[in-house]
Ligand code: PAF
């Protein structure tokens with residue numbers, strides 16, 4: 001497995017990878033969710049590249065950039081075991097040298113949900129992903145369904161900027177009690193970890209109601225809120241029942257629909273979602 005840091009090193013390494021290249025952008029502290037993306041790329045492509053970069057510009061001023069978990073050595077072992085060919089680990093100075101002033105921004109779709117709670121977050125995500133795509137030029141790029149809005153925004157950016165890249169969105173990988181795998185789960189203490197399964201229970205309750213015929217979006221949102229309220233350690237930030245493509249809140253559920261939520265468990269902010277229809 002080749003490991004590179006600078007753009008020059010990356011440019012030297014990429015021609016050594018022959019055939020269709022699959023790419024998995026990450027912020028490191030890898031878990032089974034990330035590894036499932038690398039494995040899928042391994043199956044679908046001839047070569048696999050992964051980036052590890054904790055992207056400072058997608059964190060808000062009060063978010064956890066300095067505390068964001070990092071464990072490069074462990075990440076590299078996991079990626080080697082998953083059969084990855086190339087790992088790119090740029091630094092903030094390499095990605096954003098002094099004088100950097102070009103941003104990539106997707107408009108409407110970044111305003112609701114995560115965008116409403118985390119101003120500037122998606123501008124940071126789309127800017128870094130555009131830079132990563134430009135540098136790596138993969139045939140396919142892999143993202144997790146857990147960050148549903150991020151996946152939708154990146155699909156839109158890829159279309160709008162004519163990147164010749166297929167965006168592949170892979171299913172959320174869950175712990176046995178349903179908690180979606182996330183690098184931020186390491187912040188939870190034992191009680192909080194138990195409480196965190198409430199997100200899955202809440203989404204499952206709404207999905208069960210939908211499967212029994214409920215199509216009133218407000219009733220589905222209320223049901224999710226009621227389950228979340230039953231867990232004293234959970235502090236809801238938002239719940240949503242929105243159109244899957246536009247991310248606009250619905251009154252009636254008809255086509256493909258995204259149930260999603262952001263919930264604080266202590267100081268840790270967790271997100272999760274289910275797709276209906
Ligand atoms: O999902 C992530 O880990 C990040 O948002 C991404 C896509 C690697 C961009 O920094």
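Identify which of 102, 257, 127 has the largest mean-square fluctuation in a Gaussian network model of the chain, with springs joining Cα atoms closer than 10 Å. Its mean-square fluctuation being the largest, the pick is 102. For the residues 39, 74, 201, a GNM of the chain with alpha-carbon springs under 10 Å puts the largest fluctuation on 74.
Between helix 121-136 and the chain there is an angle of about 30 degrees, using the helix long axis and the longest principal axis of the Cα atoms. Legend: translational diffusion of the range 133-262 by Stokes-Einstein, Rh = Kirkwood radius over C-alpha pairs, 25 °C, 0.890 mPa s; D = 150 µm²/s. Ordering 230, 182 from the fewest to the most neighbouring beta carbons within 10 Å gives 230, 182. Each 10 Å bin from zero up to the one holding the largest Cα-Cα distance in the range 173-247 carries the following percent of pairs: 18, 47, 30, 6. Among 122, 100, the order by Cβ neighbours within 10 angstrom, fewest to most, reads 100, 122. Computed from Cα atoms, the angle from the helix 198-211 axis to the main principal axis of the chain rounds to 70 degrees. Shown here: the range 9-71, whose C-alpha atoms stretch 43, 27, 18 Å along the first, second and third principal axes, sorted largest to smallest.
Placing R0 at 35 angstrom, the Cβ-Cβ distance between residue 116 and residue 8 gives a FRET efficiency of 0.30 after rounding to 0.05. Every helix of 4 or more DSSP H residues in the chain counts as -39500 (n - 2.57), and over all residues that averages to -10500 deg cm²/dmol at 222 nm.
Mean projection of the Cα convex hull over all viewing directions, computed for the range 226-267: 3.5 nm². Calculated on the Cα set of the range 1-150, radius of gyration then Dmax: 15.2, 43 Å.
Above 31 Å, the calculated P(r) of the chain contains 27 percent of its Cα-Cα pairs.
A short reminder: the numbers here are calculations on the coordinates, not readings from a lab. Predicted model, so just to flag it, every value in this text is computed and none were measured. Methodologically, a virtual Cβ is constructed for each residue, glycine included, from the backbone with ideal geometry; neighbour enumeration extends over all protein chains shown.
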